[in-house]
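Student: One structure follows; several queries about it will come next.
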Amino acid sequence: MVKKILLIGTVCTLFLGADEDKNVYERNCIPCHRYAPASLEKLFMVYLKTYSGELSLKGALKAFLKNPTEADSLMNNTFIENFSVKDKTTLTDEELDEAIDTYWELYDVRKKLK
Amino acid sequence: MLVSKNKGTSLLRSSEKSSLLRFLALYFILVTMILLLLGIFYYQSQEKLMFSNQRTILSEYANRQVQALKQLHNDFPHRTIYPRSIKYRSAIYDIEGEKIFSLLKHDNIRFDKEIYRVGNSIHFLKTLDDYYLGAKYLFIEVDEDKAWYKETMSNILAFGTLTLIVLIIFGLFFVSIFLRPMRNSIVLLDNFIKDTTHELNTPISAILANVEMMDTSLMSEKNQKRLSRINIAAKTVSHLYQDLTYLTLSHNRKSKDEWIDMKQLIEDRVEYFAILAGAKKITFELDLKESAIFIDGIKIARVLDNLISNAIKYNKRNGKIFITLRKNYLQVKDTGIGIKSKKVNEIFERYTRFNSSEGGFGIGLNIVKSIIDEYDLQISVESIVDVGTTIRIDFTKGTLDG
C-alpha cells in the first residue's frame, strides 16, 4: 500500500514538474489547439498571408486574442458557425507577448526557406 | 593724304580679345549646358523606352513567380524550396520592407519605383495583394542588355559634338558681327592719327629749328619766357609726333639692335625734357650707374621719352622725378597724382588716359609695353594715389653681362 502511495506521489510530482518546464505558449496555446481542426502552423500561414510582416502579424494577433470578434477572425464562416469565436485570453500582456514571440519563432518562414 | 595699313589695328586689342574670350566662354558654357540637358532628356527618353519594352516581359515573369509562391505557400512547410528560374532572379520582402528571401545579385532595392536599373541589372517591383509567405513586395531581376545604352551614348556624343561645333561656328560669326562697330571705330581713330601724323612733321621741325636758332640774348625777359613756352609746346607736339610715327611707321620697320649706353641716353633725354619739366617747376634727381643694353636705339628712346613725359605730365607742380639706373634695371619714380590700384593693369591699353585734363592720345605706355614685350623685358608698375607712380624696367637679358 505504501509502495502504491509512493508511486502515485512520484508520478504526480513528475507531471507537475514537467508542466512547470513548459513556456507560456506551450502551456496556454497548444493544449486547446491540439484538438482544433486547424493546426497552429496552418493558422500561422493564414495570418502571414494576411498581415505579411512580423510586427503587423504580432500586433494583429495580440489584438485579436485580447478581444476576439467574429469580424476580426480570419477563419471562414463555416468554421465559426461550428466552433464559434474563441474566448478572451486570461493572459497578461507580457505573457501574451512571450507566447506570440514563441509562436513567430517556431513558424517563421525565413528560417525554413531554402 | 596717305593712309597706310597699320599692323597694330589689324590685331585685336587686348580688351577686345578678353571681351571676345569672355563672350565665347559664356556662350560655350551655355551651349554645352543646353546640349547636356538635351542629352539628359534624350537619355531618359531612351531609358523609358527600354523600360517599357522590358516591363511586359518582367511583368510576365512576376506573375509566374507569384503563382509559384502561392503554390509554395499552400504546400508549406512540406515543401520549402524557394521557386527559381534560369531567366530571372527574384526576392520577396514583407510589408515592413524586411527581406524574406532573396536570390538577387544586387540587394540595393527600391520600393518607390516599379522598374529601375541597378548595376548591370534591371529590377522590376510587383506589389502582391495576397501576401504569400508573408511577401508584399516581389522583385524580379534580369541582366541588362547594354545595346540600347551604347547606342544612346554614341548618338549623344556624335550629335552633341556636331551641334556644338555648328553652334560655336555660329557664335564666332555673331561675335564678329557684334565686334565690327567697335573695330571700325578703332580703325577710324587709327587712320585719323596716321593721316594727321603726316601733316605734323614739317611744321614741327620748322618751329623747333627756328626756336633753337633764335638769339635769346637780345630778347626781353618776357619774350624769352614766350619763346620758352613755344619751345615746350613744340617739343610736346614733337614727342607726340615721335610716338605717332613710331606707331604708324617705325613699329613695322626692322629693328637695328646695338649696344646703347643707357646712362648717356637718360642724360640726353632728361636735358631734352628739362624745359618741359621746368614749366611745372619739376626737378629731376638722377642716380645713374653705368649700364648698357643691346636694343634698337629709336625704340629705347621711345620708352624713355614716354616714361619721362608721363612723369612730367602727371606730376604735381614743384614735384620731383627720380630716375635710377642700375646695371639690370631702370626706374622712373614721380611724385604725381598716382593711379588707382585696380586701374594699374589698364595703363598699357592704347587710348587709355587717366586724366582727361592732360593732353595726349593715351598711346605712350602702349608703345612702351609693345617694345618691352618685343625685347622680352619685364615692366612693373607701383602706384599710390596722390603719392606717385613708380615704373621699373628690368633688362636682365641684353645687358653687357647678360
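None of the figures in this text is laboratory data; all of them are computed from the coordinates on show. Here the structure is a predicted model, which is why all the values come from computation and not from measurement. Note that we place each Cβ from the backbone using ideal geometry, even for glycine, and neighbour counts take in every protein chain shown.
Student: Using the beta-carbon distance between B:T32 and B:L103 and R0 = 35 Å, what value does 1/(1 + (r/R0)^6) give for FRET efficiency, to the nearest 0.05?
Tutor: Plugging the Cβ-Cβ distance into 1/(1 + (r/R0)^6) gives 0.20.
Student: Follow-up question, since we're still on this one. I need the shape label for the stretch B:252-307. Rule: rounded when a/c is under 1.5, else prolate if a/b > b/c, else oblate, with a, b, c from the alpha carbon gyration tensor.
Tutor: Numbers: a/c = 3.59, a/b = 1.66, b/c = 2.16.
Verdict is oblate for the stretch B:252-307.
Student: Quick one: compute the contact order of the stretch B:214-394, relative version, from alpha carbon pairs under 8 angstrom and 6+ residues apart, as a percent.
Tutor: 20
Student: Provide Rg over Rh for the stretch B:214-394; use the alpha carbon set for both Rg and the Kirkwood Rh (inverse mean inverse pair distance).
Tutor: That ratio is 0.97, to two decimals.
Student: How long are the semi-axes of the ellipsoid equivalent to the stretch A:24-111, from square roots of 5 times the Cα gyration tensor eigenvalues, in whole Å, largest first?
Tutor: Equivalent ellipsoid semi-axes, largest first: 18, 16, 14 Å.
Student: While we're on this one: Using a 10 Å cut-off around each Cβ of peptide B:376-383, what is the average number of partner chain Cβ atoms that fall inside?
Tutor: Counting Cβ atoms of other protein chains within 10 Å of each residue's Cβ and averaging gives 0.
Student: Moving on to the next point. How many nm is it between the label spots at B:N201 and B:M214, if each spot is 7 Å from the Cα in line with the beta carbon?
Tutor: Calculated label separation equals 2.6 nm.
Student: Rg to Rh ratio, the stretch B:7-183, alpha-carbon atoms and Kirkwood radius?
Tutor: 1.33
Student: Can you give me the angle between helix B:364-374 and the longest principal axis of chain B, using Cα atoms only, in degrees from 0 to 90, rounded to the nearest 10?
Tutor: So the inclination is approximately 70 degrees.
Student: Same structure again: When N is the residue count of the stretch B:113-257, what does its C-alpha Rg come to as a fraction of 2.2 N^0.38 Å? Let's see the in-between values first.
Tutor: Numbers: Rg = 40.7 Å, N = 145, 2.2 N^0.38 = 14.6 Å.
My calculation over the Cα atoms of the stretch B:113-257 gives 2.79.
Student: So how long is each side of chain B along the principal axes, counting just the alpha-carbon atoms, biggest first, in Å?
Tutor: Per principal axis, max minus min of the Cα coordinates gives 138, 45, 40 Å.
Student: Would you tell me the mean number of C-beta atoms belonging to other protein chains that fall within 10 Å of each C-beta in A:35-46, as a whole number?
Tutor: The mean count of partner-chain Cβ atoms within 10 Å per residue comes to 1.
Student: Sticking with this structure for a sec: Pairs B:K316/B:K340; B:K222/B:K289; B:K254/B:K369; A:K111/B:K87; A:K58/B:K87; A:K42/B:K87: which are spaced more than 28 Å apart, C-alpha to C-alpha? Mind dumping the intermediate values first?
Tutor: Details: B:K316/B:K340 17 Å; B:K222/B:K289 39 Å; B:K254/B:K369 18 Å; A:K111/B:K87 26 Å; A:K58/B:K87 36 Å; A:K42/B:K87 32 Å.
Over 28 Å apart, Cα to Cα: B:K222/B:K289; A:K58/B:K87; A:K42/B:K87.
Student: Along the Cα→Cβ direction, 7 angstrom out, place labels at A:S39 and B:V381. What is the inter-label distance in nm?
Tutor: 9.9
Student: If you don't mind, another one. Using alpha carbons only, how many angstrom separate the centre of the stretch B:279-304 from the centre of the stretch B:155-219?
Tutor: Cα centres, the stretch B:279-304 to the stretch B:155-219: 28 Å.
Student: Let me ask you something else. List, in the order given, every pair from A:K112/B:K113; A:K66/A:K112; B:K256/B:K320; B:K17/B:K313 whose Cα-Cα distance in the structure shown is over 32 Å.
Tutor: Listed pairs above 32 Å: B:K256/B:K320.
Student: Which one, A:L91, A:A63, A:L106, projects farthest toward the positive side of the charge dipole computed for the stretch A:24-111 from Cβ point charges (K/R +1, D/E -1)?
Tutor: A:L106
Student: Taking K and R as +1 and D and E as -1, what net charge do the other residues with C-beta under 9 Å from the C-beta of A:W104 add up to?
Tutor: So the environment of A:W104 carries a net charge of -3.
Student: Here's another thing I want to ask about it. Name the residue from B:Y241, B:L325, B:M262 whose Cα lies farthest towards the positive end of the charge dipole of the stretch B:214-394, charges +1 on Cβ of Lys and Arg and -1 on Cβ of Asp and Glu.
Tutor: Ranked along the dipole, the leading option is B:Y241.
Student: On average over all directions, what projected area in square nanometres does the protein assembly as shown have, based on the convex hull of its Cα atoms?
Tutor: Result: a mean projected hull area of 52.1 nm².
Student: What does the structure give for B:153-165 when I average, per residue, the other chain Cβ atoms found within 10 Å of the residue Cβ?
Tutor: Numbers: counts 0, 0, 0, 0, 0, 0, 0, 0, 0, 0, 0, 0, 0.
The mean count of partner-chain Cβ atoms within 10 Å per residue comes to 0.
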